[in-house]
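Data block below; observations after.
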């Protein structure tokens, strides 16, 4: 990828994370922010919006760090396990382990005696269902072998990025963080092939322009 397209991916993901967090924040914490809208307190609304945008930028940076870390891990995995099929099998096992841990350990840590397991299953489905949709789109965009790696990234990487808030178990923050992470991770995953192709076209265009024919200068014979 060219540096220009890399910066474009970085900035667009950063902006997307901020906007998604801004919208999500007003929705999940509406009870807290509603009085400012009823009283049309524009200064407070703007202050909250800027704060949410800043938080969203942080979530976006975390998402981007996780994305580039996964690209490295994916290459290492292919090198260690030699075949795509074996590496995909390992990734499927890790996906299952992470989803199980997301439900079991949170239930064991935070649930009261006799509490229902459904809310904890719901959080796992909140990660899994968008991940399946994004993995399907990724496989349509490239090839069928991309389904498992995309699913792995959307489930495992998103959950790992989500861990700091999961350990706190503050409901508003859990939802405030997960939606920007899902959106940013999905965006990067689906935009990468397009930007790689665009970078390749730009390099090819530059090579063609650099290969312009140079006419050799002819010297006239001297009469001396």
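Read the figures in this text as sums done on the coordinates, not as results from a lab. This is a predicted model, so every value here is computed, not measured. All Cβ positions, even for glycine, are placed from backbone atoms using ideal geometry, and neighbour counts span all protein chains on display.
So here's what we get for this one:
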quantity	calculated
Restricting segment 19-30 to residues that are part of a helix (DSSP H, G or I) and in contact (Cβ under 8 Å) with a residue 60 or more places away in the chain, the residue that is surrounded by the fewest Cβ atoms within 10 Å (Cβ to Cβ)	28
Hits in segment 95-131 - residues which are surrounded by 14 or more Cβ atoms within 10 Å (Cβ to Cβ) and under 25 Å from residue 81 (Cβ atoms)	95, 98, 99, 102, 127, 128, 131
